[in-house]
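To start, the structure under review is shown below, and the notes come after it.
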Amino acid sequence: MNFLFGFFGDASRWSGPDGIPVRLLEHLEFSAAAFLIAALVAVPLGMLIGHTGRGALLVVVAANAARALPTLGLLVLVVLLAGVGTVLPVLIPLVVLAIPPILVNTYEGVRGVDADLRDAAYGMGLRGRQVLFRTLTPVALPLILLGLRLAAIQVVSTATVAAFVGLGGLGRFIIDGLATKTYESVIGGAVLVAGLALAVQFAFVLLDRVVVSPGVRQVR
Amino acid sequence: MITFEGVTKRYPDGTVAVDDLDLEVPTGAITVFVGPSGCGKTTSLRMINRMIDATSGRITLHGRDVREIDPPTLRRGIGYVIQQAGLFPHRKIVDNVATVPYLLGWSKKKARTRAMELLELVGLDPGLAGRYPFQLSGGQQQRVGVARALAADPPVLLMDEPFSAVDPIVRASLQDELLRLQSELRKTIVFVTHDIDEAVKLGDTVAVLRVGGRLAQMAGPATLLTEPADDFVREFLGRDRGIRRLSFISAKEVRLRPAPSDLATDEAGRPLGWRTGDELAAYGTFDPESDSLRAALDAALLSANGVAVAVDEDGRVRGVAGRDAIDELLAEYAPPPAPSPAPSPPPSQGSGPAEEAPA
Ligand SMILES: Nc1ncnc2c1ncn2[C@@H]1O[C@H](COP(=O)(O)OP(=O)(O)O)[C@@H](O)[C@H]1O
Ligand SMILES: [Mg+2]
């Protein structure tokens, strides 16, 4: 508790280029960029594969391969290849980390829509694309959002590693704190990351309320 | 009119679901495909709207080969109702019903207005329009399914066991509702069921299919019951064919006589019972205008003295009919005695399932 008070109670922590607001913004920037790239790749891909049934193997392989990949190892590898100080080495591992949960849940969601429902949609005269966008996707939306949420939380937590390669973000408090043995900084940084993850979780709960049809939310 | 001309469906695994089917579905009437599970009813039905394409042969709709028509376009012109209703869970009831109008590019307002009309037509409270499917009972969902199929006023309706997932009481009311709707709308309806009672109740024509997708008999329900083409059909119709056939004979012609004085009535003229000493004994009623001979006979059997009470639509006594009066009519309609069998020759042997050599 004292640690926390020392960290958050210190007015100088709240301003300047290494203050909390700046670090938080940096952290959000990396995270948002990585998350958006992953979502733009994985959501359409998952929808397409779930709808057509083609490429299902790709989902399985990608999911397993990516899960086995150590984020830190990948980071070091990319840094070696791309050099310290650029954003790319941070983005790549985060994107790679975020794709599997989105891809797998989107695919499962779309593929798992009741066969009778799919049948009814075609039977009414919807075309393939209309079936995907007007029936399968809205019904699969809770699962798609689950995948996005898992990815976002992982990205936000893992973006801490940006600090390892000389970039900003909340990870700086942890890395710098460790280096200077300022443990209140380490703990303060960790609390901020955890808080951010909670905020993301909360944001998705709200998003769910707004975009998921009550008809689907209840059935789950 | 819909015609099947030598239609065969062989699935990729070699199963012959429908074998060289020839039949005509008359316009403006209900044609029921009935038969045991797996006999190819669903396959036959789904070939009409091209949810399945025939392997060979031809299906025509209004004289056109369905294969010449782009499937989504074809389907928008054909109502389709399936067993579990298949409502879109994420859409409100009103939008579920308006599905095809939306697809056809109607304005939202016009489509919704139409949807509200249809909810009323199928006997649903318009207050349900804003609900989601999970908030409705199975029977209500099925009604919505029917409303959705009718929304763009297609001339043809395909129904695949639409009422088999609801309980018997709801099923009976949905059947009655369909008959009422049909008397107004005169659609060309193909109705699939495995329930022979449902088939004879709803069908203007009943096509009995045997396993392997071959037509065993096609006839009106009364004819089917009196003159089953072969043992398969006879067995499928089950017991009580004679009694059930009476459902198709109107009780109008039952000769009534004035109610005797031992029939107690209330001041409105509605029956209370047969006087026997101090007691009132059981009685049975039928309405000659709307009931069948089966109902009349049933009423006679229910009455303590074997005399059926004829009532009008308000339940007031119009007269009575003894068993003699009912027997008279029974004799008139009874099937001709002994040597009358099968007008259509029993199809070639083989009652076994379609075990054609796989390709
Ligand atoms: N997609 C399919 N692939 C292979 N066989 C099928 C397929 N669909 C149905 N069948 C088979 O075709 C036969 C007829 O099926 P169906 O038309 O569904 O019968 P019904 O509706 O009368 O119960 C059955 O033997 C069934 O197992
Ligand atoms: Mg079937």
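Computed values, structure above
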| item | result |
| --- | --- |
| Charge-dipole axis of the protein assembly as shown as Lys and Arg at +1 and Asp and Glu at -1 on Cβ define it, positive-most pick from A:Pro17, B:Ser137, A:Ala34 | A:Pro17 |
| Dipole magnitude of segment B:251-333 about its Cα centre (Cβ charges: Lys, Arg +1; Asp, Glu -1), debye to nearest 20 | 140 |
| Relative contact order (%) - chain A, alpha-carbon pairs under 8 angstrom, separation at least six | 26 |
| For B:Arg214, residues with placed amide H under 5 Å, excluding near neighbours | B:Asp19 |
| Projected label distance in nm at A:Leu69 and A:Val210, using a 7 Å step from Cα toward the beta-carbon | 3.1 |
| Chain B - percent relative contact order, Cα under 8 Å, separation 6 or more | 18 |
| Surface accessible to a 1.4 Å probe, per residue, for the residues of chain A, Å² | 49 |
| Spatially close lysines, pair count over segment B:2-248: Cα under 24 Å, gap of eight or more or interchain | 8 |
| Other-chain or far-sequence residues with amide H under 5 Å of B:Ile189's (modelled H) | B:Gly28, B:Ala29, B:Ile30, B:Thr31, B:Leu157 |
| Neighbour cut-off at most 11 other Cβ (10 Å), DSSP loop, trypsin sites (Lys or Arg not before Pro), segment B:232-333 | B:Arg239 |
| Value at 222 nm in deg cm²/dmol, rounded to 500, when DSSP H runs of n ≥ 4 in chain A each add -39,500 (n - 2.57) | -25000 deg cm²/dmol |
| For the protein assembly as shown: rounded, prolate or oblate by the Cα gyration tensor [a/c cutoff 1.5] | prolate |
| Spatial separation of Cα centroids for segment B:246-313 and segment B:152-197, in angstrom | 31 |
| Charge dipole magnitude, Cβ of K and R +1, D and E -1 - the protein assembly as shown, Cα centre, debye nearest 20 | 2420 |
| Accessible surface ranking that places the most exposed of B:Met51, B:Met116 first, with a 1.4 angstrom probe | B:Met116, B:Met51 |
| Shape category assigned to segment A:2-219 from the gyration tensor of Cα positions, a/c cut at 1.5 | prolate |
| Fraction of accessible area attributable to carbon and sulfur, chain A (%, probe 1.4 Å) | 71 |
| Per residue accessible area in Å² of chain B, where ligands, DNA and RNA are left out and the probe is 1.4 Å | 45 |
| Environment charge at B:Ile189 (Cβ cut-off 12 Å; Lys +1, Arg +1, Asp -1, Glu -1) | 0 |
| Drop in accessible area of at least 10 Å² in the complex versus isolated chain, residues of segment B:119-145, 1.4 Å probe | B:Tyr132, B:Phe134 |
| Percent accessible area from carbon and sulfur atoms, segment B:1-131, protein chains only, probe 1.4 Å | 48 |
| Label-to-label distance, nm, for residues given as B:Ser107 and A:Ala194 (7 Å Cα→Cβ offset) | 5.8 |
| Cα-based shape type of chain B, given that a ≥ b ≥ c are square roots of the gyration tensor eigenvalues and the cut on a/c is 1.5 | oblate |
| Interface residues in segment B:82-110 - accessible area drops by 40 Å² or more relative to the isolated chain, probe 1.4 Å | B:Ile82, B:Phe88, B:Pro89, B:His90, B:Leu103 |
| Members of segment A:108-136 that become less accessible by 30 Å² or more once partner protein chains are added (1.4 angstrom probe, chain alone as reference) | A:Asp116, A:Leu117, A:Asp119, A:Ala120, A:Tyr122, A:Gly123, A:Met124, A:Gly125, A:Leu126, A:Arg127, A:Arg134 |
| Karplus-derived 3J(HN,Hα), 6.51/-1.76/1.60, for each residue of segment B:190-195, Hz, glycine and proline x | 10, 10, 9, 8, 9, 9 |
| Average Cα contact separation per residue, segment B:180-323, under 8 Å, 6 or more apart, as relative contact order % | 16 |
| Filtered GluC sites (Glu not before Pro), segment B:230-331: DSSP coil and at most 15 other beta carbons within 10 Å | B:Glu267, B:Glu289, B:Glu313 |
| Charge sum, other residues only, whose C-beta stays under 14 Å from A:Leu136's C-beta, Lys/Arg counted +1 and Asp/Glu -1 | +2 |
| C-alpha center-to-center spacing [segment B:40-76, segment A:158-216] in angstrom | 57 |
| Helix-only mean residue ellipticity at 222 nm for chain B, each DSSP H run of n ≥ 4 adding -39500 (n - 2.57), per residue, nearest 500 | -9000 deg cm²/dmol |
| A:Ile37 paired with A:Phe3, simple spin-label distance in nm, labels 7 Å along Cα-to-beta-carbon | 3.3 |
| Sites B:Leu280 and A:Asp114, calculated FRET efficiency, Cβ-Cβ separation with R0 45 Å, nearest 0.05 | 0.20 |
| Buried area at the B-A interface (accessible, heavy atoms, 1.4 Å probe, summed, Å²) | 1900 |
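The values are calculated or read from the model by the stated rules, or taken from the named source; none is laboratory data. In this text the structure is predicted, and so the values were computed from the model without any measurement. No Cβ is skipped: glycine too gets one built from the backbone with ideal geometry, and neighbour counts run over all protein chains shown. Just so you know, the surface numbers come from the protein's heavy atoms only, side chains and all, with ligands and any DNA or RNA stripped out. Shrake-Rupley method; radii C 1.70, N 1.55, O 1.52, S 1.80 Å.
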